[in-house]
Every structure is written in structure tokens, then in C-alpha cells.
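Novice: Below is the structure I would like to discuss, written out as C-alpha cells.
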Amino acid sequence: MKINKLFLLGLAGLAFTACSSDEENQGSNLSGNGVVEVRIVNPTTRTVSDATQGSDPITVVPADGTNYTVKLTAATGSATKQVTADDIRDGVVKFWDVKGPTKVEVWINDGDTKATGTTPIDELQGIAPENYPAYGSSEVFNLTGKTETNEGKTYEMYSASVDLKIPVARLEVSGITHRDKDGNCSYGQLTIDGIYLDKISLTDGGGIVDYCMPAIMDADGQTVITPAPVLWDQIASASFLTPGAVWPADATPAQCYNYYFYPNANQIPVLKIYFANAKHANDPTQVYSQPRYAMIKSYNNNPNFKFEKGKIYRIKNVELDDDNIIGDEEGNTLYGVNVTVTEASWTIEDLSAEWASM
């Protein structure tokens, strides 16, 4: 009796099976000829753009006009296929005449290059969460002890698992407003002009980069000492003191500033709000040191807060009073505003953040 090999691969969103036509049961020997069958199930996860809503998982799918890519590496029968949900029945694509499979890879949205951590983070912005690059692979095949019969042949099943992974975290910020402290405001003029993310890695595991807005140049004005931020949203200059004003402006659906970044175990990213112009309330001729900044000191009142890949973090209702708007871009004078962060699973997490103060 012919005992053939069937390889079953589970993927966080993708399940694979492979079939081999060995004449005899070879246990964990994967040298027989056969067919690899890949079962695809969509993985789930969660610039001023639409803010994510609720806490339900967000399904990551190929962007319009693109496909799933499934790549099998084997001694014989290596192949790469582009498949859509319409190309397959019951979420399955098959690789036939396979001998010695060693690796299976699956990616969407250019995940083979953009989800491996080597793409500079500034090139991974402005992507809808549901269309973000994702990648997964497996090189481990295990005998399950089960068999299936097809066209008179009995297939012995093997299993492996592959996780489609998102390489970044996403930070969303909304509801930025000014609040008078004790009913008084020390500013006669204060313009909000931008928002950016500082102290980030350009690649996964790369060194932390310090940024400054505007960039700091050397004395001759030719050499950059501290570069301008790469994750920067310019805001049309407007008075931050206008009663009831909020950034981003109220809209339907709700809007947010958002940044994808590579989490780093040794450094949390520092969100900074940039104010280009500031004058004293009692003496309009008295100009504060300019520009001025509001920046996060900690998240959820935890200086050791850890961000994780594949999660969305939301900061909402950011109320800044005069003490939080300081002249030191590095925030060397610090005392507390707490910002709450909510987490979402491409997972969502709402955060609180502590802002630097004078």
C-alpha cells in the first residue's frame, strides 16, 4: 500500500498542508515526491488619517490589486505562487510534485522586503493598518500521525506553524487642546506648527536617532549636527489659544496623527509637539524662547513602558497647560502630565502619557 506524505502548516492566519507520494511510510523523512497544499486564512491585527476605532481586531489583507505570495523551497518542486481569495477554493493552494520541502514563506503587501525590519521606517508611513506589510515563514515539519486519502492514494500528514508578523507598532495621537492653568494663561500668542516622533530607530534593531525641529546646524550652516525629524507632520500655523480648538480638527470619521515605528527595548519614542511662535500675555513685546515644545515624559505613568510590534497605541484627549509647553527641546526641566494610552491588536492599547513641564 502506498503511504504518501501530507504536510500541514499552521500560520497565524495561514494554514499549510503538503502531500508526498513516498512508496513507504518514512516517518519524519521528507524526501518523497508529493504535493504541498497551503490553506490561507486572513491574519488579524488592528499623517492625519482616519483613527482606528474600537478594540476589535483589524484584519490584515492584501491591498487592492495585490495578492498573497506563497513560496515553497524544496529539493525538488520549489515554486512561488501569487494567489487571491478568488484563485483558491476553501482557502487552499497546492504545490505538486514536491520532494524534500525545507521552508515555506507567506507574505502580503510586499512583506518579503518591507516586513523584515530592513526598510527605513520613514518609507513605511501612510499605509492603512489593514494593508500593512506582513511576513511569516517556517522550516519545521512534524509528523502528525494522521492520514488522508485522495484519488486512491493515502497521504500521511505533517504539520508546522508559521506566524505572519507585522514589524512595527503604530502610535495614534488625537484630541490635542490647550487648557488654562487656574483660569490664567501666560501666553499672549502661541502657535501650534507641527508634531513629530523623536528618538526612534530607522531600521529594526538599529541605533536610536535624535531629531530636532528645526535641524541643528554647525556654525557654518553647512553640516547637520542634529537632523530634522523624519516622522513629522506639519500643522498649518494656528493659534493654540483659540477656545475649543482641537488638533486634528473634529471630523467624521475621527482623525489622528499616526506614526509607525520599530519598538526598541532600550528607548521609548518621544512624541513632541512643536510651537514656532510664543509671546508673553502681559507684555506682547516679551518673546519667550522660541520655538517651544510639549513632549511625553512617560507612557501610562511608567518610565519603563514597553511598546510591542503588531500593536496599535492610542493617545487621546491631550490637554496641555502652560507648564507643559517649554523652551527646552530635550525636556531637561520635567514634571508631570500623564497621557493615557489605549492598546489595540492589529491589538489596540490606550495610553496615558506624562508630559514634560517647566
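Novice: Tell me yes or no: at least one residue of region 322-337 is assigned to a strand (DSSP E or B), under 23 Å from Pro57 (Cβ atoms) and either modelled with pLDDT under 80 or open to solvent by 30 Å² or more (accessible area, probe 1.4 Å) (or both). Step through it out loud before you land on a result.
Specialist: Keep residues of region 322-337 that are assigned to a strand (DSSP E or B), which gives 326, 337.
Remaining after also requiring under 23 Å from Pro57 (Cβ atoms): none.
Taking every residue of region 322-337 in turn, none turns out to be assigned to a strand (DSSP E or B), under 23 Å from Pro57 (Cβ atoms) and either modelled with pLDDT under 80 or open to solvent by 30 Å² or more (accessible area, probe 1.4 Å) (or both).
Novice: Could you tell me which residue of region 178-193 is nearest to Asn324 (Cα to Cα), considering only residues that are part of a strand (DSSP E or B) and touching a strand residue (DSSP E or B) at 6+ places or on another chain (Cβ under 7 Å)? Step through it out loud before you land on a result.
Specialist: Within region 178-193, the subset part of a strand (DSSP E or B) is 178, 181, 184, 187-193.
Still in the running and touching a strand residue (DSSP E or B) at 6+ places or on another chain (Cβ under 7 Å): 178, 187-193.
Working: His178: 10, Tyr187: 12, Gly188: 16, Gln189: 15, Leu190: 13, Thr191: 14, Ile192: 13, Asp193: 16 Å.
Once the filter is applied, the top-ranked residue is His178.
Novice: Which residues, taken from region 195-225, are crowded, with 16+ Cβ neighbours inside 10 Å and farther than 14 Å from Val270 by Cα?
Specialist: Leu202, Asp204
Novice: Still on this structure, please answer the following. Output yes when any residue across region 233-253 is within 28 Å of Ala134 (Cβ to Cβ) and in contact with a Lys or Arg (Cβ under 9 Å, 6 or more places away or on another chain), and no when none is. Please lay out each step first, then the result.
Specialist: Pass one, region 233-253, residues within 28 Å of Ala134 (Cβ to Cβ): 233, 248, 253.
After this cut, where a residue has to be in contact with a Lys or Arg (Cβ under 9 Å, 6 or more places away or on another chain) as well, the list is none.
The answer is no, given that none of the residues of region 233-253 is within 28 Å of Ala134 (Cβ to Cβ) and in contact with a Lys or Arg (Cβ under 9 Å, 6 or more places away or on another chain).
Novice: Among the residues of region 73-106, write down those that are over 20 Å from Phe141 (Cα atoms), surrounded by 14 or more Cβ atoms within 10 Å (Cβ to Cβ) and modelled with pLDDT under 70.
Specialist: We begin by selecting, within region 73-106, every residue over 20 Å from Phe141 (Cα atoms); these are 81-91.
Narrowing the set further to residues that are surrounded by 14 or more Cβ atoms within 10 Å (Cβ to Cβ) leaves 81, 83, 88, 91.
Selection gives Ile88, Gly91.
Novice: Take Phe305 and decide whether it is within 30 Å of Gly136 (Cα to Cα) and hydrophobic (A, V, I, L, M, F, W, C). Spell out the reasoning first.
Specialist: On the way: within 30 Å of Gly136 (Cα to Cα): yes; hydrophobic (A, V, I, L, M, F, W, C): yes.
In short, yes.
Novice: Do any strands (runs of 3 or more DSSP E) lying entirely in region 221-298 carry at least 2 residues that are touching a helix residue (DSSP H, G or I) at 6+ places or on another chain (Cβ under 9 Å) and more than 18 Å from Leu190 (Cα to Cα), and which ones are they? Explain how you work it out, then say what you get.
Specialist: Details: elements: 224-226, 232-239, 255-261, 270-275, 278-280.
So the answer is 255-261.
The values are calculated or read from the model by the stated rules, or taken from the named source; none is laboratory data. Source: prediction; values computed, not measured. Don't worry about glycine lacking a Cβ; one is built from the backbone with ideal geometry, like all the others, and counts go over all protein chains shown. What goes into the accessible areas is simple: the full protein's heavy atoms, side chains included, and nothing from ligands, DNA or RNA. Shrake-Rupley method; radii C 1.70, N 1.55, O 1.52, S 1.80 Å.
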